[in-house]
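Peer 1: Structure below; questions to follow.
The values are calculated or read from the model by the stated rules, or taken from the named source; none is laboratory data. As the structure is a prediction and not an experimental result, all values here were calculated from the model. Every residue, glycine as well, gets a Cβ built from its backbone with ideal geometry; the counts of neighbours run over all protein chains shown. Surface areas here come from the heavy atoms of the whole protein model, side chains and all, with no ligands, DNA or RNA. Shrake-Rupley method; radii C 1.70, N 1.55, O 1.52, S 1.80 Å.
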Amino acid sequence: MNILILGSGGREHALTWKLAQSKKVNKIFIGPGNAGTFESGTNLKLNPENFTEVKTAVLQNKIDIVIVGPEAPLTMGIHDFFVNDIALRNIPIIGPDKSAAQLEGSKDFAKAFLTRHKIPTSAYKSFDKTSLKEARAFLRTVNPPYVIKADGLAAGKGVVIVDDIYEAEKEVEAMLDGKFGAAGQKVVIEQFLKGIEISVFIITDGFTYKLLPEAKDYKRIGVGDTGLNTGGMGAVSPVPFADKEFMKKVKQRIINPTMKGLSDDGIIYKGFIFFGLINVKGDPYVIEYNARLGDPESEVILPRIKTDLFELIEGVAKGDLAKRKIEIDERFVTTVMLVSGGYPGTYDKGKSIHGLNNIKGSVLFHAGTKRESDKIVTSGGRVLAVSSWGYTMKEALNTCYRNAGLLDFEGIYYRTDIGFDL
Ligand code: GLY
């Protein structure tokens, strides 16, 4: 089987690394990939959001299955593009169609879905430019802090939480005035939930699902969960508070009703579902859905899957996931993300990375890296994820930090407190 993985981050390198271990996989292509995916597959120069480029790559390289890493191609309708193209329609695409990808692409759609199917989530209302007055009135009915979300995809920046009602009003106006472009044509205002976040994942063929390992990621740039939000500075799996009782609630109250809701709404969802949950005093609530795997969560959950990931991918493609097995490694896997100085603001690229061959006991997943003649240099904000196994979280983290200390590039920064709150 020849596989094409779309994307270029740590998640895509982790998928490449895992699938390269499968006896059933012949060749792996990654579009566009990074310096890490280059080691276990063939990088293709293509833009995953340019479906014509994707089509050419699929046909030229005799691709049998396409796995979509990031959300943008999904919300833009890459699944539908394949289904409607005579040359591509028999090539399975792992990732939902445009209507189902709205679970991630539209906060309003996701909230309406959750409410319609009675899945626990915070109270909310949506507004557009014509209902600004109502938005102001609604803000006065909820307690601070105020959670304001741009409806569409806003590069991870579309969620604002403020304590002051006047600031909240200003934020609603700014979003509706185009602060996040078209993504803010609608805004969702929701009740704040206090608790601890957890990322839960399933893979589904539209009929049944397999639960993947859960993870907790650390989104803020600063130690002690302070400062600006990033794409994720590290992650751990398993999550100690996600015990049997909690996960039973997650299945009964969230995953099963989501599967039923999709089926009731006539959606055959093929791919990964990422449930962004919050644990409020032992009860799980949905904060958001994502139509893909998480990053850096993939860098800890994929190393915990003992079975051949391709078996599950093939199960989604063939619609026989129920017959497939999944076995999970009981050990902890943790990851620490090494980032460019200045990230998530402006940062330099092209810095030489040193020490890549010194690593022992960890696996390095490349995110923002590229090859430049015989060197590997930085090419993004999140540069490398150092993932390690351990019988305890501490053991796994110690290995991550020992190896992180052996790596270097100008401006290198990483959080030294991943897992601190668990
Ligand atoms: N780590 C969060 C995400 O992938 O969206």
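Peer 1: Can you name every residue in region 18-32 that is open to solvent by 50 Å² or more (accessible area, probe 1.4 Å) and either within 17 Å of the chain's Cα centre (by Cα) or without any contact (Cβ under 8 Å) to a residue 24 or more places away in the chain (or both)?
Peer 2: Listed by number, the list holds a single entry, 20.
Peer 1: More than 16 Å from the ligand (Cβ to nearest atom), touching a residue at least 40 places away in the same chain (Cβ under 8 Å) and in contact with a Phe, Trp or Tyr (Cβ under 7 Å, 6 or more places away or on another chain): is that true of residue 290 in this structure?
Peer 2: no
Peer 1: Under 6 Å by Cβ, and 6 or more places apart or on different chains, what pairs join a residue from region 403-422 that is more than 20 Å from residue 236 (Cβ to Cβ) with one that is open to solvent by 70 Å² or more (accessible area, probe 1.4 Å)?
Peer 2: So the pair list comes out as 406/358; 408/354.
Peer 1: What's the number of the only condition in (1) in contact with a Gly (Cβ under 7 Å, 6 or more places away or on another chain); (2) within 21 Å of residue 319 (Cα to Cα) that residue 28 fails to meet?
Peer 2: It fails just one condition, (2).
Peer 1: Looking only at region 272-302, filter to residues that are touching a Leu at 6+ places or on another chain (Cβ under 6 Å) and part of a strand (DSSP E or B); which one of those is surrounded by the fewest Cβ atoms within 10 Å (Cβ to Cβ)?
Peer 2: Here the answer is 280.
Peer 1: When you go through (1) without any contact (Cβ under 8 Å) to a residue 40 or more places away in the chain; (2) within 30 Å of residue 383 (Cα to Cα) one by one for residue 246, which number turns out not to apply?
Peer 2: (2)
Peer 1: Related question: Can you confirm whether residue 57 is within 16 Å of the ligand (Cβ to nearest atom), at pLDDT 95 or above, in a helix (DSSP H, G or I) and not aromatic (Phe, Trp, Tyr)? Reasoning before the result, please.
Peer 2: Numbers: within 16 Å of the ligand (Cβ to nearest atom): no; at pLDDT 95 or above: yes; in a helix (DSSP H, G or I): yes; not aromatic (Phe, Trp, Tyr): yes.
Here the answer is no, as residue 57 does not meet what is asked.
Peer 1: If you don't mind, another one. Which of the numbered conditions does residue 11 fail, given that it passes all the others? Conditions: (1) more than 16 Å from the ligand (Cβ to nearest atom); (2) touching a helix residue (DSSP H, G or I) at 6+ places or on another chain (Cβ under 6 Å); (3) basic (Lys, Arg).
Peer 2: Just one mismatch for residue 11, condition (1).
Peer 1: Only one of 328, 268 is more than 16 Å from the ligand (Cβ to nearest atom), more than 30 Å from residue 378 (Cα to Cα) and at pLDDT below 95. Can you tell me which?
Peer 2: Working: 328 fails: at pLDDT below 95.
On inspection, the qualifying residue turns out to be 268.
Peer 1: Let me ask something else about it. Where in region 303-422 are the strands (runs of 3 or more DSSP E), entirely inside, with at least 3 residues that are open to solvent by 50 Å² or more (accessible area, probe 1.4 Å)?
Peer 2: Working: elements: 332-339, 362-366, 369-372, 375-378, 382-390.
In region 303-422, 369-372 are the strands (runs of 3 or more DSSP E) which contain 3 or more residues that are open to solvent by 50 Å² or more (accessible area, probe 1.4 Å).
Peer 1: Tally time: how many residues in region 130-161 are over 18 Å from residue 111 (Cβ atoms) and either within 16 Å of the ligand (Cβ to nearest atom) or touching a Lys or Arg at 6+ places or on another chain (Cβ under 9 Å) (or both)?
Peer 2: Selection size over region 130-161: 3.
Peer 1: Being more than 13 Å from the ligand (Cβ to nearest atom), assigned to a loop (DSSP other than H, G, I, E, B) and open to solvent by 50 Å² or more (accessible area, probe 1.4 Å) is the filter here, so list the residues in region 207-242 that pass it.
Peer 2: Correct list: 207, 223, 225, 240.
Peer 1: Of all residues in region 271-287 being aromatic (Phe, Trp, Tyr) and more than 19 Å from residue 67 (Cβ to Cβ), which is farthest from the ligand (Cβ to nearest atom)?
Peer 2: 285
Peer 1: On to the next question. Can you find a residue in region 19-42 that is of a type in the set (A, V, I, L, M), touching a helix residue (DSSP H, G or I) at 6+ places or on another chain (Cβ under 8 Å) and within 16 Å of the ligand (Cβ to nearest atom)?
Peer 2: Just the residues of region 19-42 that are of a type in the set (A, V, I, L, M), to begin with: 19-20, 25, 28, 30, 35.
With touching a helix residue (DSSP H, G or I) at 6+ places or on another chain (Cβ under 8 Å) added as a condition, the list becomes 19-20, 25, 28, 30.
Keeping just the survivors that are within 16 Å of the ligand (Cβ to nearest atom) gives none.
No, because not a single residue in region 19-42 is of a type in the set (A, V, I, L, M), touching a helix residue (DSSP H, G or I) at 6+ places or on another chain (Cβ under 8 Å) and within 16 Å of the ligand (Cβ to nearest atom).
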